[in-house]
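The values are calculated or read from the model by the stated rules, or taken from the named source; none is laboratory data. Everything quoted here is computed from the prediction, not taken from an experiment. Reconstructed Cβ throughout: ideal geometry from the backbone, glycine too, with neighbour counts over all protein chains shown. Ligands, DNA and RNA are stripped out before the accessible areas are found, and what is left, the full protein with its side chains, is counted by its heavy atoms. Shrake-Rupley method; radii C 1.70, N 1.55, O 1.52, S 1.80 Å.
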Amino acid sequence: QAKVAGKNCYRFYSRAMDQAVERRVQLEQELRGAWERGELTVLYQPIFHLTDGRITGAEALLRWQHPRLGMVPPSVFIEVAEQSGLIEVLGRHVLETACHDAAQWSQAAGAKPFVSVNISPRQLRSGELPDVVGHSLKTSGLLPQQLHLELTETAVLSDEAQASALLSRVRATGVKVWLDDFGTGFSGLSHLRRVPVDGVKIDRSFVADVLRDPDDLALTTAIIAMAHSLGITVVAEGIETEGQYAILRERGCDQGQGFWLGRPMSADDLARKFQDAPIS
Ligand code: C2E
Ligand code: MG
Ligand code: MG
Ligand code: MG
């Protein structure tokens, strides 16, 4: 046992490190419990067409409704879930739930809105993704083109060849693939030629300063032009003001999401949102 065998080793660990590891293990156990008790829910943030102001779809965002701590944001638990492997079960749950819910709104909306689901690096690496996607579509009745997968640049770039092969398989079925947090990784532009994607989501750090920082506006405008020349859709995330909305729209950004347009909400609230008048 570590304590007996490692009296000498033990000295090499700092107390702070022990505490960090302990917290992680504890958080992991709590997360497993949360999953078993059904404390994990999926919210949906609407995404809008910037020219006609209508809802095109929504992004599924995982939430942990903790009985004591309240809403725990994914920034706290996604990494733990990723490292422990729990993300594979959670990720499958989010995909199934999102497809099921989106099939419901489709009826309410009378259109074919999409649902966009975040896929973690580990889910991408596991190779199970095409099967999980196929199963979620089949049981929900959602059309493949109504499902979008959001992947981060780093997830795709960590193993470009494998990611490209997997994404090609998924895209061949009609499911769309978006690169999330686009612009934060430096190599974005050149990799777009080799990794098959349908859209990019401009990271909200660019959008935040688009009115104040000429460099951010220039970069955003360049991303839009570059993506369009490759036939790729551009979505802006983190639109918090009318001014940001207006300038992105003027620069030709296709779609957007953000607190100014709509916060993450329950599936039922989102279904009702489709009845709202378009944003003008
Ligand atoms: P993301 O995919 O980039 O999701 C967008 C995040 O921006 C969401 O945070 C959303 O609530 C937030 N957001 C939207 N509009 C605004 C705005 O106007 N201003 C600001 N400041 N923030 C805005 P959230 O829900 O906390 O999620 C954080 C991240 O956690 C997500 O970033 C995504 O990477 C990850 N995540 C969430 N759900 C899942 C999931 O089911 N699976 C995986 N693998 N990751 C998830
Ligand atoms: Mg996302
Ligand atoms: Mg993002
Ligand atoms: Mg800046």
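Each label point was placed 7 Å from the Cα along the Cα-to-Cβ direction; for Thr139 and Arg68 their separation is 3.2 nm.
Averaged per residue, the chain has 52 square angstrom of accessible surface, using a 1.4 angstrom probe with ligands and nucleic acids left out.
Phi angles of the stretch 241-256 translate, via the Karplus equation with coefficients 6.51, -1.76, 1.60 and θ = phi - 60°, into HN-Hα couplings of 9, 5, x, 5, 4, 4, 6, 5, 5, 4, 7, x, 4, 6, 9, x Hz per residue; Gly and Pro are given as x.
In degrees, nearest 10, range 0 to 90: what is the angle between the Cα axis of helix 129-140 and the longest Cα principal axis of the chain? Helix 129-140 sits roughly 60 degrees off the main axis of the chain.
If I stretch the segment between Ser229 and Asp209 completely, what's the gain in nm (0.36 nm per residue apart, minus their alpha carbon distance), one decimal? Could the numbers behind the result be given before it?
Numbers: separation 20, 0.36 × 20 = 7.20 nm, distance 2.45 nm.
That works out to 4.8 nm of additional length.
Which angle from 0 to 90°, rounded to the nearest 10, does the C-alpha axis of helix 214-229 make with the longest principal axis of the chain? So the inclination is approximately 70 degrees. Taking label positions 7 Å along the Cα-Cβ direction at both Glu36 and Asp131, the computed distance is 2.5 nm, reported to one decimal.
Percent of accessible area on the chain owned by carbon and sulfur, 1.4 Å probe? Walk me through the intermediate numbers first.
On the way: 7610 of 14420 Å².
With neighbouring chains kept in place, the figure for the chain is 53 percent.
Overall, the ratio between the Cα radius of gyration of the stretch 19-109 and 2.2 N^0.38 Å, rounded to two decimals, is 1.28.
Relative to the globular-protein estimate of 2.2 N^0.38 Å, the Cα radius of gyration of the stretch 222-280 stands at 1.27. For the stretch 230-279, the Cβ-based charge dipole about the Cα centre amounts to some 60 debye (Lys, Arg positive; Asp, Glu negative; other atoms uncharged). Between the listed residues Val115, Ala34, Leu95, the Cα displaced farthest toward the positive end of the dipole of the chain, a dipole computed from Cβ unit charges relative to the Cα centre, is found at Ala34. Ellipsoid fit via the Cα gyration tensor, the chain: semi-axes of 33, 23, 20 Å, each the root of five times an eigenvalue, largest first.
May I ask you to compute the full-extension gain from Val89 to Arg263, defined as 0.36 nm times their residue separation minus their alpha-carbon distance, rounded to one decimal in nm?
Values: separation 174, 0.36 × 174 = 62.64 nm, distance 2.59 nm.
Roughly 60.0 nm would be gained on extension.
Looking only at Cα atoms, what is the convex hull volume of the stretch 134-196 per residue, in Å³?
82
Taking the Cα atoms only, what angle lies between the long axis of helix 74-84 and the longest principal axis of the chain, rounded to 10 degrees? Between the helix axis and the principal axis of the chain, the angle is about 50 degrees.
Picking from Leu151, Leu166, Ile202, whose Cα lies most toward the positive end of the charge dipole for the stretch 141-212 (charges on Cβ: Lys, Arg +1; Asp, Glu -1)? About the Cα centre, the residue reaching furthest to the positive side is Leu166. Relative to the Cα centre, the charge distribution of the stretch 196-280, modelled as +1 at Lys and Arg Cβ and -1 at Asp and Glu Cβ, gives a dipole magnitude of about 160 debye.
Selection among Gln19, Leu129, Cys253 by position relative to the dipole of the chain gives Gln19 as farthest towards the positive end (Cβ unit charges, Cα centre). A Förster distance of 25 Å, applied to the separation of the beta-carbon atoms of Thr51 and Ala161, puts the FRET efficiency at 0.10. The stretch 130-177 and the stretch 243-259 have Cα centres separated by 26 Å.
Label-to-label distance for Ala16 and Thr173 is 4.6 nm, based on points extended 7 Å past Cα in the beta-carbon direction. The eigenvalues of the Cα gyration tensor, multiplied by 5 and square-rooted, give the stretch 107-171 an equivalent ellipsoid with semi-axes of 24, 12, 9 Å from largest to smallest. The charge dipole of the chain, taken about the Cα centre with unit charges on the Cβ atoms of Lys, Arg (+1) and Asp, Glu (-1), comes to about 660 debye, rounded to the nearest 20.
For the chain, adding -39500 (n - 2.57) for each run of n ≥ 4 DSSP H residues and dividing by the number of residues yields -15000 deg cm²/dmol at 222 nm.
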